[in-house]
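FYI, it's all coordinate maths here, none of it is from the lab. From a predicted model like this one, the values you see are computed outputs, not experimental measurements. We place every Cβ from the backbone using ideal geometry, glycine too, and count neighbours over all the protein chains shown.
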Amino acid sequence: MSGGGARRVVVLKGGRSLERQVSLASGARVQDALERLGHEVHGLDVGHDLVARLRELAPDAAFIALHGSDGENGTIQELLEILGIPYTGSGISACVRCSDKILAKHAMVDAGLPTPDFLSFNETAFKELGAAEALPAVEERLGFPLVVKPSDQGSALGIKFAAAATDVPAALVAAFSYSEKVVLEQYVKGRDLAVSILDGRALPVVEAVPDDGEFYDFTSRYTIGRTQFVCPAALDDATTARAQELALAVHDLLGCRHFSRVDLMCDAVTGELTVLEVNVIPGMTETSLLPMAADAVGIDFDALVGKMLELALAAP
Ligand SMILES: Nc1ncnc2c1ncn2[C@@H]1O[C@H](COP(=O)(O)OP(=O)(O)O)[C@@H](O)[C@H]1O
Ligand SMILES: [Mg+2]
C-alpha cells in the first residue's frame, strides 16, 4: 500500500462507445490493481444511472477507464466536476481539444508544431455546399495515398487509406458514418511511434510494427501477436529526444494534465517527426502502450495505477 491510505475509488468503464470492450478490459485491470493497492474499489459500467450511482457511492476519486466518445471528449469530466469528484487524467478543456483531431491539429499548426498537412470537412459541406467539387484540389494538395479519418474517433475506427481519387468517396462515406467532421490528411510513409507522458516526464518511445507490414488497425491493436511493440523503439538518441520533446510540447499545448499518450509518425525518408494526435485516456490493457512504456522505466502496472490516482487526488 503506497502512502495516503485506502480510498474509495470508482472505476468508470464500458459505456456506449464503440471502444466499449477495450474499456472493459482496461477497467478490469485497473480495478484489480487498485484492489491490490488496498483501496475500496467499485467498478461502474457507465449508463443512465451514472449520476445516481456516483451520488450513492460518494467516492474519493473516479478512475476513468473509458475510451472513445464520452470518456475522452469531456462529457464525463463535466459531470465529475459538477459532482465535485476528483478524477484521473486531463480536465475538460484538454479533453475537448484532444478528442477533436481538427481542433488539435489546428492548435499544433498555430503553435508551429509538426503535424501532417490536412484539410477538414463537415458533413454539411458535402450535403449542402457541393464540397465534392473541391475534392480534386484537395487531392492535388495532399497527394496520394491520403488518409481519411473521422475527427473524433479512436483505435483506428473509420480510418481509410485512399490510394487514388476513386477511393476517396467511399472513404468519406465510411468516415462520415462515425463523425460529422472528417480529416483528409497527407499520408506519412514511415514508423508508427507513441510517446506517453506521465507526471511531466516523457517515457521511452514505443514503436508499433504491424506483422503484415501495413496499417495498424483496430483488430491488430488489441490482438496479441498481430502487432509487435518495441520499447524502447530502436531510434538514434537525437530522434528519441526529439520525439519526447515534441510529445511533451503537444501535451502542454493542448492543456493535458497528469498523463497522456501522443501518437507520432517518423518519416521513412526524411526522418521528420509529425504528431497525429494526443490520447487523453490511454489504454490500460495487456497490450497497451502507456503501461508498457512505464514498465520500461521500472514503473509496474500497480505503481502506474497508484500514481494516476495519487495525481487525481492531489489535483487542485
Ligand atoms: N497521416 C498518416 N500517415 C500514415 N499513417 C497514418 C496516418 N494517420 C494515421 N495513420 C495510421 O493510423 C493509425 C491511427 O491513426 P490516429 O490518427 O492515431 O487515430 P486513432 O488512433 O484515433 O484512430 C496510426 O497509428 C497510423 O498507423
Ligand atoms: Mg492513435
What ratio of Cα Rg to 2.2 N^0.38 Å holds for region 189-314? 1.01
Highest first, please rank the peptides 174-180, 136-142, 13-19 by the mean number of other Cβ atoms sitting within 10 Å of their residues. 13-19, 174-180, 136-142
Can you tell me how much longer the chain between R36 and D49 gets when fully stretched, taken as 0.36 nm per residue apart minus their C-alpha distance, in nm with one decimal? 1.9 nm
Provide the convex hull volume over Cα atoms per residue for region 8-88, in Å³. 70
Which whole-Hz ³J(HN,Hα) couplings does region 117-134 yield from phi under the Karplus relation 6.51 cos²θ - 1.76 cosθ + 1.60, θ = phi - 60°, glycine and proline marked x? 3, 7, 9, 10, 9, 8, 4, 4, 4, 7, 6, 10, 10, x, 4, 4, 4, 8
Kindly point out which whole DSSP H helices in the chain project their C-alpha atoms 15 angstrom or further along the helix axis while averaging a Kyte-Doolittle hydropathy of 0.0 or above. 237-253, 301-314
Please list the radius of gyration and Dmax for region 165-215, considering alpha-carbon atoms only, with Å as the unit. 15.9, 46
Of the peptides 115-123, 194-202, how do they stack up when ordered by the mean number of other Cβ atoms within 10 Å, highest first? 194-202, 115-123
Please turn the phi angles of region 197-209 into ³J(HN,Hα) values with the Karplus equation 6.51 cos²θ - 1.76 cosθ + 1.60 (θ = phi - 60°), one per residue in order, whole Hz, x for glycine and proline. 10, 9, 6, x, 10, 7, 7, x, 6, 10, 10, 9, 10
Unit Cα scatterers, Debye sum, region 85-211: log10 I(q)/I(0) for q = 0.12, 0.22 Å⁻¹: -0.53, -1.46
Give the value in nm², to one decimal: projected area of the alpha carbon convex hull of the chain, averaged over all directions. 16.3
Report, largest value first, the span of the C-alpha coordinates of region 84-135 along each principal axis, in whole Å. 48, 28, 12
Taking the alpha carbon gyration tensor of region 42-125, what are the square roots of 5 times its eigenvalues, largest first, to the nearest whole Å? 32, 14, 10
For region 270-277, Karplus couplings with θ = phi - 60° (6.51, -1.76, 1.60), whole Hz, Gly/Pro x: 8, x, 5, 9, 9, 9, 8, 5
Per region 103-165, sqrt(5λ) over the Cα gyration tensor eigenvalues, sorted largest first, in Å, gives 20, 15, 15
What does the convex hull of the Cα atoms of region 14-154 come to per residue, in Å³, rounded to a whole number? 158
Using the basic label-point model (7 angstrom from Cα toward the beta carbon), what is the R16 to L129 distance in nanometres? 2.9
What's the Cα-based Rg to Rh of region 265-306, Rh via Kirkwood? 1.12
